[in-house]
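Colleague: Supplied in structure tokens, the structure appears directly below.
Since every read-out is calculated from the coordinates, none of them should be taken as a lab result. The shown structure was predicted, so the numbers you read here are calculated from the model rather than taken from an experiment. Reconstructed Cβ throughout: ideal geometry from the backbone, glycine too, with neighbour counts over all protein chains shown.
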Amino acid sequence: MTSTAGVESRILRAPHPVPGAPDNWKRFFSFNTDAKVIGIQYIATALFFLLVGGLLAMIMRGELITPEADLVDRTVYNGLYTMHGTIMLFLFIFPVLNGLNNLLIPCMIGAPDMAFPKLNAAAFWLVPVFGVILMASFLVPGGPASSGWWSYPPVSLQNPLGHLINGEALWILAVALSGISSIMGAVNFVTTILRMRAPGMTLTRMPIFCWTAFSAQTIQLIGLPALTGGAVMLLFDLVVGTSFYRPEGGGDPVLYQHFFWFYSHPAVYVIILPVFGVFSELFPVYARKPLFGYPFVAGASLVIVGLSLIVWVHHMFPSGVPQWMRDAFMVTTMLIAVPTGIKVFAWLATLWGGKLRLNTAMLFALGGLFNFVFAGVTGIMLATVPVDIHVNNTYFVVGHFHYVIYGAATMGVYAAIYHWFPKFTGHMYYEGLGKLHFLLTFIGTNLNFFPMHPLGLMGMPRRVSSYDPEFAFWNVIASLGAFLLGVSIIPFLLNLVSSWVRGAKAPANPWNAIGLEWLLPSPPPAENFEEHVPTVISGPYGYGTGRPLVEHQEEIERALLQA
Amino acid sequence: MTISPPVDTAAPSPEGHEAAHANYSLTGFIIFLCSESVIFLAFFSGYAVLKLSALQWLPPGVEGLEWRTPLLYTVVLVSSSGTVALAEHFLSRGQLWGFRAFWLLSMAMGAVFLYGQAIEWRSLEFGITSGSFGSCFYLLTGFHGLHVLSGILLMALMLQRSFRPANYAAGEQGVIATSLFWHFVDVIWVLLFLLLYAWS
């Protein structure tokens, strides 16, 4: 048979790097254009900055364990929360998701690489560059930016020491570079998804993760330029002395808030949409059932893109915006619950009656879904103008978005890392350590972030280093939860490193999952399927239906088993 | 039985790799241009908000902007879209020298526009720190000017490429992308002219 010869020769060949690139660990420190190397570079960099941001968070929680400002100076505290937010968003969650995009999108759609491999590598290498710039702001006179991660003028325009290079200017520079890197990535991901799918993979046969990544990257393309425009004006105001936002020259500080939130609210969907994609990939695998309502789950992602662009003023209800704006944006914000609800019910229907396999990846996905529903409930509360005005700038808001970004998004990222770890490293992870990581994370998350809700309702403001002793009880619990979260990272990193070094060899498809990436060896060779891209003949998630996904699936699977 | 070859033209095959890749570049460039337009949209809306809510818009002593000379340079810039289209027309018929002539003419027209902009900047009695008006004026015209400059540099690159033998089998994509960029810069300028000079 000549048929399987091509498959076998491809599969039996050891994974090789891009020609000319080092084939050992050094490739992760080089300007490598292989999306799978870049994906791991993104994820490793992001995990490093997760530790940095987490350390800052634990210093803050250490400060807040007592009502007095005793651990750090108040001005230092201002820098801590500003840098914690900025690092976690721009240096942890965005890069880690871009890492997943790089690993998964080309493999899932059967492309050899991204559409623009060099642009891809350049986008990644900007991350350490602006990471260093942001870190360097700790060393400049006057310390790092201290006006919160949103840098509202006129607070952010204060430059008491009068230096040209100050924390705030470095902050804007870092955010601008992050924006450029993200735009480069977004152009790449969207082009790859639109133009490089395997034969037979129509848009309606594309895995949901690709749909959500496409939606998220579309938001990046529309939203980020607005933030960049706004940030350029902020930089001019700060450095040159223009009057875009300076009231004394006729500027309008609220204008900045519009630019900022026009991007930074949709940015939440940039974060959560790929995690929705992860949930949609994992639940069918571990419940052994097709995803319920595929077209609705896919379509809901696009509806979220549309709605996400017309909700930003809900961050500005108390900023002196007119009443009609408050009413309109309250309604659009609440409408977001509809497509999101469609997804949640689709996942529940997928799980319903399924044969659940509760390994670490599935536990993280279920835990993430639980936290997401909780965050959704408080989100609807915050969308309501009267409630929002009551809890604005209190810990209620902090609790809400940490449930979204840690409880749902980061736990979803953990789920994805565990699920695809065997595929991209070629080694199985240790279940025991993984489950310990899940347990500590789930308990830590809820212990840390739940108390923030009663605190907010009682009226404790965010961004303060000292508080009234009546808030002490919940703050102690939250701080203990934060330290538990800090501990939870230890089994995680231990697991990643030791499994990669000496974990059991992973088969091509350890979870019996359906998808093009599982028809590749673990780890996949540099160009994935190269010229032997299988032809897709049915939609994704055919669990329990017996439908093959691609032509000649049996031969491919047999060849993978023999390899 | 054979493993099915890649039938989809989107999947790159070894022989068609170069052409397919250029094709992606155009897709990517169009996506980038759409994204880039949002930055101008942000600046335009910021300008409109500041202007509509201003108590005193023009700096003291400034009566308004002189629009006649800028209109002249506007005509030069907008007609360069036509010369770019002519250049593309010649290229599609394989007449490289016609392409180069009109391409160079378009570059020159862009340069004339930039020169006019520089003259205008020097003659104005307000600066970038003269209130919101001055800030907006210099930011908008400056940012657009940077785009004109980038367009001229891109065109220079394409012109240089046209001298490489047999380049235009796959090299037309770059010309299409550059001309799209140039039309984009022109459309932005028309909007900018209306906002800055006509709306008072």
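Colleague: Under a Cβ-only charge scheme (Lys and Arg +1, Asp and Glu -1), can you give me the dipole magnitude of chain A about the Cα centre, in debye to the nearest 20?
Modeller: The calculation lands at about 1040 debye.
Colleague: Here is a further query. If you build the Cα gyration tensor of segment A:325-381 and take the root of 5 times each eigenvalue, what three semi-axes come out, in whole angstrom, biggest first?
Modeller: Working from the Cα gyration tensor, I get semi-axes of 29, 12, 6 Å.
Colleague: In chain A, which whole DSSP H runs stretch at least 30 Å along their own axis (Cα) and average -0.5 or higher on the Kyte-Doolittle scale?
Modeller: A:35-64, A:167-195, A:208-239, A:266-287, A:360-383, A:472-502
Colleague: Debye sum, Cα scatterers, segment A:17-112, no solvent: what log₁₀ I/I(0) at q = 0.15, 0.16, 0.19, 0.21 1/Å?
Modeller: After summing over all Cα pairs, the log10 values are -0.68, -0.73, -0.87, -0.97.
Colleague: Now for a separate question. For segment A:33-562, place one equal point scatterer on every Cα, skip the solvent, and apply the Debye formula. What is log10 of I(q)/I(0) at q = 0.05, 0.12, 0.13 Å⁻¹?
Modeller: -0.19, -1.15, -1.35
Colleague: Using a Förster radius of 30 Å, what is the FRET efficiency between B:TRP67 and B:LEU146 based on their Cβ-Cβ separation? Nearest 0.05, please.
Modeller: About 0.85, to the nearest 0.05.
Colleague: Please name whichever of A:GLY299, A:PHE94, A:ILE537 sits farthest to the positive end of the charge dipole of segment A:33-562, dipole taken about the Cα centre and charges placed at Cβ: Lys and Arg +1, Asp and Glu -1.
Modeller: The one lying farthest along the dipole's positive direction is A:ILE537.
Colleague: Which order do the peptides A:417-427, A:462-472 come out in when sorted by mean C-beta neighbours inside 10 angstrom, highest first?
Modeller: Taking the mean over residues of other Cβ atoms within 10 Å, the ranking is A:417-427, A:462-472.
Colleague: Just to confirm a number: summing +1 for Lys and Arg and -1 for Asp and Glu over residues other than A:GLY251 whose beta-carbon lies under 14 angstrom from that of A:GLY251, what do you get?
Modeller: -1
Colleague: Here is a further query. Which lysines does A:LYS36 reach when only Cα atoms under 18 Å apart count, and residues fewer than 8 places away in its own chain are ignored?
Modeller: Within the straight-line limit of under 18 Å, A:LYS36 reaches these lysines: A:LYS26, A:LYS118, A:LYS423.
Colleague: Can you give the mean number of other chain Cβ atoms that lie within 10 Å of the Cβ atoms in peptide B:27-36?
Modeller: Going residue by residue through B:27-36 and averaging, the value is 6.
Colleague: Arrange B:TYR115, A:TYR406, A:TYR286 by Cβ neighbour counts within 10 Å, fewest through most, would you?
Modeller: Ascending number of Cβ neighbours within 10 Å: B:TYR115, A:TYR406, A:TYR286.
Colleague: As a footprinting exposure proxy, order A:ARG197, B:ARG68, A:ARG27 by other Cβ within 10 Å, with the fewest listed first.
Modeller: The fewest-first ordering by Cβ neighbours comes to B:ARG68, A:ARG27, A:ARG197.
Colleague: If you don't mind, there's one more thing I want to ask. Report relative contact order for chain B in percent, whole number only (criteria: Cα-Cα under 8 Å, sequence separation at least 6).
Modeller: Contact order relative to length: 29 percent.
Colleague: In Å³ and rounded to a whole number, note down the convex hull volume per residue for the Cα atoms of segment A:127-227.
Modeller: Looking at segment A:127-227, the number lands at 110 Å³ per residue.
Colleague: Could you work out, residue by residue across A:224-231, how many beta carbons of other chains sit within 10 Å of that residue's beta carbon, and then give the average as an integer?
Modeller: 5
Colleague: Taking 1 over the mean of 1/r across every pair of different Cα atoms in segment A:411-506, what Kirkwood radius in Å do you get?
Modeller: 15.1
Colleague: Cα convex hull of segment B:86-150: mean projected area in nm², to one decimal?
Modeller: Taking a quarter of the hull surface, the average projection is 5.0 nm².
Colleague: Moving to a separate point now. Can you tell me what percent of all Cα-Cα pairs in chain B are more than 19 Å apart?
Modeller: In whole percent, the share of Cα-Cα pairs in chain B beyond 19 Å is 66.
Colleague: Please compute, for the alpha-carbon atoms of segment A:66-186, the extent along each of the three principal axes and give them in descending order in Å.
Modeller: 56, 36, 23
Colleague: Let me ask something else about it. Compute the projected area of the convex hull of the Cα atoms of segment A:453-545, averaged over all viewing directions, and report it in nm² to one decimal place.
Modeller: Projected area, direction-averaged: 12.2 nm².
Colleague: Can I ask one more? Residue by residue through A:272-283, how many Cβ atoms from other chains fall within 10 Å of the Cβ on average?
Modeller: Taking all residues of A:272-283 together, the mean is 0.
Colleague: Give the span of segment B:76-122's Cα atoms along each principal axis, as three whole-Å numbers ordered largest to smallest.
Modeller: Here the Cα extents, ordered largest to smallest, are 43, 15, 8 Å.
Colleague: Compute and list, largest first, the equivalent-ellipsoid semi-axes of segment A:253-400 from the alpha carbon gyration tensor, each √(5λ) rounded to a whole angstrom.
Modeller: They are 32, 15, 12 Å, listed from largest to smallest.
Colleague: Ratio to report: Rg/Rh of segment A:344-431, with Cα atoms as the point set and Rh obtained by the Kirkwood method; give two decimals.
Modeller: 1.12
Colleague: So if the hydrodynamic radius of segment A:293-336 is defined as the Kirkwood radius over C-alpha pairs, what does Stokes-Einstein give as its diffusion coefficient at 20 °C and 1.002 mPa s, in µm² per second?
Modeller: It comes out at roughly 189 µm²/s.
Colleague: Where does each of B:ILE188, A:ILE272, A:ILE65 land when they are ranked from fewest to most other beta-carbon atoms within 10 angstrom?
Modeller: A:ILE65, B:ILE188, A:ILE272
Colleague: Oh, and also: What shape does segment B:119-197 take by its C-alpha gyration tensor, where a ≥ b ≥ c are the square roots of the eigenvalues and a/c under 1.5 counts as rounded, a/b above b/c as prolate, and the rest as oblate?
Modeller: prolate
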